[in-house]
Amino acid sequence: MLKIPLLGTLMRGEALSYLFTLLALTQRAGLTLPAGLTAAATLPYVAYQEALSPILRI
């Protein structure tokens, strides 16, 4: 789905918005960046979960 021109662009934008909003919220709550990334690994987007896995060594 991410390779479909318009739909893929919208889905990537939504996923990145969700990711950065989640990271911003965890930072404002006083959590560390690794804790925020761990929370972000629960994103409902498999491609982003797979991209975060090597960073977190899950």
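Measuring only protein heavy atoms, the 1.4 Å probe finds Arg12 accessible over about 90 Å².
Per residue, how much accessible surface does the chain expose to a 1.4 Å probe? Answer in Å², no decimals.
Per residue, the chain has 73 Å² of solvent-accessible surface.
Taking only protein heavy atoms and a 1.4 Å probe, the accessible area of the chain is 69% carbon and sulfur.
Report the far tail of the P(r) of the chain, meaning the percent of Cα-Cα pairs longer than 14 Å. Percent of Cα pairs beyond 14 Å in the chain: 56. Each residue of segment 16-33 was assigned a 3J(HN,Hα) from its phi angle through the Karplus curve 6.51 cos²θ - 1.76 cosθ + 1.60 (θ = phi - 60°); the sequence is 5, 4, 4, 4, 6, 5, 5, 5, 5, 5, 5, 5, 5, 7, x, 7, 6, 4 Hz, with glycine and proline shown as x.
The values are calculated or read from the model by the stated rules, or taken from the named source; none is laboratory data. Just so we're clear, the structure is a prediction, and the values are computed from it rather than from any experiment. For accessibility, only protein heavy atoms count, side chains too; no ligands or nucleic acids. Shrake-Rupley method; radii C 1.70, N 1.55, O 1.52, S 1.80 Å.
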